[in-house]
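Here's the structure we're looking at; comments come further down.
Nothing in this text is a laboratory measurement; each read-out follows from the coordinates by a stated rule. Quantities reported herein were computed from a predicted structural model and do not represent experimental measurements. Here the Cβ is made from the backbone with ideal geometry for all residues, glycine too, and neighbour counts use every protein chain on show.
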Amino acid sequence: MLRYPHIDPVIVKIGPLQVRWYGLMYVVGFVLALFIMRRMVKEDDGTLSVQDVEDLLFYLIIGVLLGGRIGYILFYNLPYYLNHPSELLAFWHGGMSFHGGLIGTVIAGAIFAKRRGVSIWRIADYAAVATPPGLGLGRIGNFINGELFGRVTHVPWAMVFPQGGPLPRHPSQLYEAFLEGPVLFFILWWLRKRSMPRGGLLAFFVIGYGVIRFFVEFFREPDPQLGFVLGPFTMGQVLSFFMVVCGVILWFYLTSSKPDGLRGGK
């Protein structure tokens with residue numbers, strides 16, 4: 001068994017103001033996303049400029065924050081927030097849903113594409129490749145917070161989390177950080193040069209994340225307010241299953257209609 005490191009979630013505190021590791025991970029994730037999208041724009045056909053990408057990031061940040069929060073409220077803890085409406089916008093108390101954040105970014109990207117007169121599929125490819133580093137960093141933030149820990153186990157690398165009782169558990173946040181972060185990113189980064197329709201990278205992202213999340217959920221402790229929602233499956237697995245289905249449907253749609261030409265294959 002490994003010892004949980006007990007890192008203080010607060011980096012710096014000045015009066016009532018706090019800088020937390022979890023928030024810093026979001027900031028670093030957005031900075032990396034900007035760097036990645038700028039690199040992709042320079043490799044592309046010139047439809048979008050670097051300034052366009054910087055504007056796009058602003059839209060995506062709003063989409064992630066609002067979508068992630070609304071998704072968590074609706075998918076994971078609606079009764080609590082109905083009884084505590086003052087907590088609806090209390091982001092600093094935690095409570096973000098990836099699946100809600102994904103919906104939020106899709107809506108934000110669609111609004112941006114319509115306003116700039118560019119294809120949503122082009123925007124989707126940039127966002128898909130740029131997202132995994134932030135996902136991985138976010139899971140590291142979960143690990144530092146000691147939240148979203150795994151199920152009880154006796155594997156040699158198990159840890160006792162302060163909020164998880166006295167029994168050793170899977171450090172499932174680290175499993176997700178590795179698979180959702182560098183693994184998914186390098187797959188998409190390699191695929192960006194392959195010949196596929198615009199929007200194909202989004203389809204691979206949706207399928208890849210869904211498969212990874214579905215798998216890791218077998219090691220992650222279900223949310224206490226929900227437990228298992230469908231037989232042995234958690235809410236995260238149910239949402240991820242539909243995510244994979246949507247990704248497969250999207251891929252077949254894109255390959256049959258080629259809505260914005262081919263990308264890659266240079």
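Given H placed on each backbone N at 1.01 Å, which residues far from ALA158 in sequence or on other chains put an amide H within less than 5 Å of it?
The answer is LEU2.
By its C-alpha gyration tensor, with a ≥ b ≥ c as the square roots of the eigenvalues, how is the range 17-138 shaped: rounded for a/c under 1.5, else prolate for a/b larger than b/c, else oblate?
Details: a/c = 2.67, a/b = 1.75, b/c = 1.53.
Prolate shape, in that a/c is at least 1.5 and a/b is the bigger ratio.
Can you pull a Stokes-Einstein diffusion coefficient for the range 49-120 at 10 °C (1.306 mPa s), Rh from Kirkwood over Cα pairs, as a whole number of µm²/s?
Numbers: Rh = 12.9 Å.
D = 123 µm²/s.
Distance in nm between label sites at LEU82 and VAL50, each 7 Å beyond Cα in the beta-carbon direction?
Between LEU82 and VAL50, the label points sit 5.1 nm apart.
Quote the convex hull volume per residue of the chain, based on C-alpha atoms, as a whole number of Å³. Present the calculation step by step, with values, prior to reporting the outcome.
On the way: hull volume 38.6 nm³, N = 266.
It is 145 Å³ per residue.
Sorting TYR81, TYR126, TYR72 on the 10 Å Cβ count, fewest up front, what's the list?
Numbers: TYR81 18, TYR126 27, TYR72 21.
Ranked by crowding around the Cβ, least crowded first: TYR81, TYR72, TYR126.
For the range 168-266, rounded, prolate or oblate, judged on the Cα gyration tensor with a ≥ b ≥ c (square roots of eigenvalues), a/c < 1.5 rounded, else prolate if a/b > b/c?
Note, shape of the range 168-266 comes out oblate.
Starting from 0.36 nm per residue, how many nanometres of slack lie between PHE233 and MET1 once their C-alpha separation is accounted for?
Roughly 80.8 nm would be gained on extension.
Just grab the label-to-label distance for PHE218 and ILE11, each label 7 Å out from Cα along the Cβ direction, in nm (one decimal).
So the two model labels end up 3.7 nm from each other.
Test of understanding: ordering ARG169, ARG115 by Cβ neighbours within 10 Å, fewest first, what list do you get?
Numbers: ARG169 22, ARG115 10.
Starting with the residue having the fewest Cβ neighbours, the order is ARG115, ARG169.
Taking the Cα centre as origin and putting +1 on Lys and Arg beta-carbons and -1 on Asp and Glu beta-carbons, what dipole magnitude results for the range 10-256, to the nearest 20 debye?
Details: 19 positive and 14 negative charges, 65 e Å.
Rounded to the nearest 20 debye, it is 320 debye.
Between LEU24 and ILE62, with labels modelled 7 Å along Cα→Cβ, what's the label distance in nm to one decimal, could you check?
2.9 nm
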